[in-house]
2 protein chains.
Amino acid sequence: MGGMLVVQKFGGSSVADPERIKRVAKRVVETKRAGNSVVVVVSAMGDTTDELIGLARQLSDTPSEREMDMLLSTGEQVSIALLAMAIENLGEAAVSLTGAQAGVSTNEVYAKAKITGINSERLDKELAAGKIVVVAGFQGRCANDDTTTLGRGGSDTTAVALAAAIKADVCEIFTDVDGVYTTDPRVVPRAQKLPSISYDEMLELASLGALVLHPRAVEFAKIYNVKLHVRSSFNHNTGTIVEEVASMEKEMVVSGVAYDLNVAKIAFFDVPDKPGIAMKLFSALAAENINVDMIIQSTMRNDVNDISFTIAKDELNKALQISDRIKQEIGTPDYDYDDSVAKISIVGAGMITNPGVAACMFEALANAGINIQMISTSEIKVSCIIDADSVKKAVKVLHTKFDLDVEEENSAAS
Amino acid sequence: MGGMLVVQKFGGSSVADPERIKRVAKRVVETKRAGNSVVVVVSAMGDTTDELIGLARQLSDTPSEREMDMLLSTGEQVSIALLAMAIENLGEAAVSLTGAQAGVSTNEVYAKAKITGINSERLDKELAAGKIVVVAGFQGRCANDDTTTLGRGGSDTTAVALAAAIKADVCEIFTDVDGVYTTDPRVVPRAQKLPSISYDEMLELASLGALVLHPRAVEFAKIYNVKLHVRSSFNHNTGTIVEEVASMEKEMVVSGVAYDLNVAKIAFFDVPDKPGIAMKLFSALAAENINVDMIIQSTMRNDVNDISFTIAKDELNKALQISDRIKQEIGTPDYDYDDSVAKISIVGAGMITNPGVAACMFEALANAGINIQMISTSEIKVSCIIDADSVKKAVKVLHTKFDLDVEEENSAAS
């Protein structure tokens, strides 16, 4: 490889201490010396973010999100400066840029900002000067010149957005595993590394808890057609390529089994069957930036419904506060929650042309004695909410059911 | 006091930990609640800068100054975010601004940038909205959008520059002593706190090692006529006011005795007496941003000179490297250095109209058996380079000689 424009993204654990930063610098310099132009996106060093949050807690129980962004964005700023120094120490010219300097514009939603545009002028200039450009992930600047952070998956998203803006040939996402697997190799030792996968499949897998790549980043990559390469920072093996696959017949109907334990369920009972009630609830949740995943509304008796929905478990407390408020406002009898649930999903572009895949999944789960609480389907995935205790069993059962097991157990992934 | 526009500056030791930040927040909120508009300028927390430098050293022996500025500027960014949170926690609206956000423009001399202008638009807007504005000292943004740090005295300078830009009524410099003293109270317990002092006197005292206020900041204050109030962060006593005194007859001929141990002397021997030699040497030092203080050139024999000059002791190594280079270039026989010297100075606006003050100083030193190595004078000060071991004796002798001793020893300063 050579003569390419490459964006490389390294997470917080890859730059956790000076030794690891040196290792990243070496890898980046190798890529540069192979004849490529390189932009590197890094996160904050290991525990930095937690330490900064700890400091903030000592000063305020409810620090404003604006000031938290001001505080937390220093984490990546330290990483980029140190990585640039390490690269320069290896004899290559480098320049570090904050999100703002790299032209990352966002909306004004502090702590969860969305990228609204990239002005790559500075980036282009530094690359043209032959420099390795080191950009702070996870952050940007909003219209009023404030620093914002992008929230979860922010560094992945930064990398993909920059790759799109500068029309990079590939965006390499470095991680501690070898690529994207048919399922979590810690649960199923016979999981396979996928050589390539489509954006949609990756999107579903990422949304469903395959933590190797954040769904926001995949979505961005899909829209701007950025070729992703998910690979290990510990070796030079080819990982998994994520790109728009020319629509050949898919070999595998199901290409992966994903699970997510960060799930909680809330159920409202006996909600009056009047227009606007559900809207009120979900608008209130949206106003607090709580993502609702599955929603089920079932008419049980005359004039009243049960409404169940799932959210990320770590937003349960916030969601319960809102639920309390809504309960008083609409005078609904009661609600309940369950935080010992999990989501299990099968994903595959081949499902579109293969009817009966969902039924096959339900049958496998039923045969294993696993009860399904909620179901949600899309063109290329089927998800079920089940009891959290059954999730590993479910993954194994489905991985076998859909012929994903390889012959020999592998230990390529940690 | 009330209805004023006040800039308050707190140094790194005042914000060294969350408890101290809370104390600063309390003081700032008091000032606000007395009816004033408040801008606060803070430095990085206590040891943060040293810790960041330690990290950088692990990655490069010679980190670039640009990347050091990127790294070190995170220190103040953490302070401002935490202080803003602490203020909000006390119920007042606050907003933190980096140097760049506060409109601090600098030249492109990394690590030692000079402020070239202030755009106070954002500051004015936030003040008009009733907010306490917390600004990162020591930093700015240069024309190419890079972050720069201002070097020594940078936070004092930021505070004064902002005060000038927003036309503040007063710029309060909080410190660990009660104000400006006639000399170092640790050396002379009978030193007096000066109720007021002119910019020129303060400038000389500051230049001469009275560390309470950096000369750059005083210079700025003088040019823009910013009233300074040097006061203690531990009590509410009035400190020392620095302002342009209406030119009445000065009560005291000498208003202070200052000393500086951060001094080293370099002497070139037998330099060919040709034009441009001295220029070559001092240009080379200036190119490396080394400030030369006193210079003495003396013709000793035919066609050759001795040239001696003083610099800050902590720049001696850099200066010696340059001296080596120059020695080879101009083929001068040899040079030597002495890092066990000190500078002792007397300062007073009244000196202009009182001839013989210098002679009086030399006499007092001679009587005390202290040898003078170099002399430099201005309209309001006389400085001598003497042996470092004699400096405390010299301070005491001069403080008494010029009638600065108070009746009783004081312990107001630490």
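Relative to the longest principal axis of the Cα atoms of chain A, the long axis of helix A:48-59 lies at roughly 70 degrees.
Over the range A:247-414, the pair-distance histogram of Cα-Cα distances with 5 Å bins from zero comes to 2, 8, 16, 17, 16, 14, 12, 8, 5, 2, 1, 0 percent, rounded to whole numbers. Peptide A:98-108 is shielded by partner chain Cβ atoms: per residue, an average of 2 of them sit within 10 Å of its Cβ. For residue B:96, nonlocal amide neighbours, meaning residues 5 or more places apart or on other chains whose placed amide H falls under 5 Å from its own, are B:134.
Carbon-plus-sulfur accessible fraction, the protein assembly as shown (probe radius 1.4 Å, protein heavy atoms only): 48%.
Taking the DSSP beta bridges with both ends in the range B:5-175, the antiparallel portion is around 25 percent. Using 17 Å as the cut-off for backbone N distance, which residues of the range B:127-147 belong to the label zone defined by a point 7 Å from the Cα of residue A:128 along Cα→Cβ? Under 17 Å, as judged by backbone N against the label point of residue A:128, lie B:144-145 of the range B:127-147.
Quick check: from the Cα gyration tensor, does the range B:76-126 come out rounded (a/c under 1.5), prolate or oblate? Oblate, because a/c is 1.5 or more while a/b does not exceed b/c.
Given a 1.4 Å probe and heavy atoms of the protein chains only, how would you sort A:142, A:360, largest accessible area at the top? Provide the component values of the computation, followed by the final result.
Values: A:142 5, A:360 35 Å².
The most accessible residue leads, giving A:360, A:142.
Reported to the nearest whole Å, the Cα centre-to-centre distance from the range A:74-89 to the range B:322-398 is 44.
The heavy atoms of residue B:193 present about 70 square angstrom of accessible area, all protein chains included, probe 1.4 Å. The 3J(HN,Hα) values that the Karplus relation (6.51, -1.76, 1.60; θ = phi - 60°) gives for the range A:70-86 are, in residue order, 4, 6, 5, 5, 5, x, 6, 5, 5, 4, 5, 5, 5, 5, 4, 4, 5 Hz. Gly and Pro appear as x.
Taking beta carbons within 10 Å but only from partner chains, what does the mean come to for residues A:82-93?
Numbers: counts 10, 2, 8, 15, 6, 3, 7, 6, 1, 0, 0, 1.
Partner Cβ neighbours, averaged per residue: 5.
A Förster radius of 56 Å combined with the Cβ-Cβ distance from residue A:167 to residue A:274 puts the calculated FRET efficiency at roughly 0.60.
Calculated FRET efficiency, residue B:236 to residue B:406, Cβ-Cβ distance, R0 = 25 Å: about 0.70 to the nearest 0.05.
Leaving ligands and nucleic acids out of the surface, order A:146, A:334 by accessible area at 1.4 Å, largest first. Could the numbers behind the result be given before it?
On the way: A:146 5, A:334 75 Å².
Largest accessible area first, the residues go A:334, A:146.
Relative to the Cα centre, the charge distribution of chain B, modelled as +1 at Lys and Arg Cβ and -1 at Asp and Glu Cβ, gives a dipole magnitude of about 820 debye.
Subtracting the Cα-Cα distance of residue A:53 and residue A:287 from 0.36 nm times their residue separation leaves 81.9 nm of extension gain. Interface size, chains B and A: roughly 3300 Å² of accessible area buried, both sides included, 1.4 Å probe, rounded to the nearest 100. Each label was represented as a point 7 Å from its Cα along the Cα-to-Cβ direction; for residue B:327 and residue B:392 these points are 3.4 nm apart. Hey, if you drop one equal point scatterer on each alpha-carbon of the protein assembly as shown and run the Debye formula without solvent, what base-10 log of I(q)/I(0) do you get at q = 0.07 Å⁻¹? Each listed q maps to, in turn, -0.67. If only the Cβ of Lys and Arg carry +1 and only the Cβ of Asp and Glu carry -1, the dipole of the protein assembly as shown around its Cα centre is close to 540 debye.
Sequentially through the range B:393-404, phi angles give Karplus couplings (6.51, -1.76, 1.60; θ = phi - 60°) of 4, 4, 4, 4, 4, 6, 4, 6, 3, 9, 6, 9 Hz, Gly and Pro residues having no value and appearing as x. Where does helix B:277-287 land angle-wise versus the long Cα axis of chain B, in degrees 0 to 90, nearest 10? Taking the Cα atoms of chain B, the angle to B:277-287 is about 20 degrees. Computed with a 1.4 Å probe on the full set of protein chains, the accessible area for residue A:259 sits at about 40 Å². For residue B:28, the accessible surface of its heavy atoms amounts to roughly 0 Å² (probe 1.4 Å, protein chains only, rounded to the nearest 10).
The residues of chain B expose on average 43 square angstrom of accessible surface per residue, using a 1.4 Å probe on protein heavy atoms. For chain B, the spherically averaged projection of the C-alpha convex hull amounts to 22.1 nm².
Cα-Cα pairs above 25 Å in the range A:5-175: how many percent? Before the final figure, lay out the partial values.
On the way: 3823 of 14535 pairs.
Here the long-distance tail beyond 25 Å is 26 percent of all Cα pairs in the range A:5-175.
Restricting the calculation to Cα atoms, the range B:104-256 yields a radius of gyration followed by a Dmax of 16.4, 51 Å. Rounded to the nearest 20, the size of the Cβ-charge dipole of the range B:5-175 about its Cα centre is 540 debye, with Lys and Arg at +1 and Asp and Glu at -1.
Counted over chain A, the DSSP beta bridges are approximately 65% antiparallel.
Would you work out if the range B:88-161 is rounded, prolate or oblate? Take a ≥ b ≥ c from the square roots of the eigenvalues of the alpha-carbon gyration tensor; rounded if a/c is under 1.5, else prolate when a/b is larger than b/c, oblate otherwise. It would help to have the intermediate numbers written out before the result.
Numbers: a/c = 2.54, a/b = 1.92, b/c = 1.32.
Prolate.
Given 0.36 nm per residue, what is the gain on full extension from residue B:227 to residue B:371 after removing their alpha carbon distance, in nm? Don't jump to the answer; show the numbers that get you there.
On the way: separation 144, 0.36 × 144 = 51.84 nm, distance 3.89 nm.
In short, 47.9 nm is gained.
Calculated mean residue ellipticity at 222 nm for chain B: -10500 deg cm²/dmol, from DSSP H runs with n ≥ 4 weighted as -39500 (n - 2.57), summed, divided by the residue count and rounded to 500. Calculate the FRET efficiency for residue B:261 and residue B:119 from the Cβ-Cβ distance with a Förster distance of 35 Å, rounded to the nearest 0.05. Calculated value: 0.35. A 1.4 Å probe over all protein chains sorts A:20, B:33, A:27, A:216 by accessible area into B:33, A:20, A:216, A:27, starting with the largest.
The modelled label-to-label distance between residue B:244 and residue A:352, using points 7 Å beyond Cα along the C-beta direction, is 7.7 nm. With each label modelled as a point 7 angstrom along the Cα→C-beta vector, the residue A:303-residue A:363 pair spans 4.5 nm.
The values are calculated or read from the model by the stated rules, or taken from the named source; none is laboratory data. Just so it is clear, the model here is predicted, and its values are computed rather than measured. A quick note on method: Cβ atoms are made from the backbone with ideal geometry, for glycine too, and the neighbour counts reach across all protein chains shown. Remember, those area values only see protein heavy atoms, side chains included, never the ligands or the DNA or RNA. Shrake-Rupley method; radii C 1.70, N 1.55, O 1.52, S 1.80 Å.
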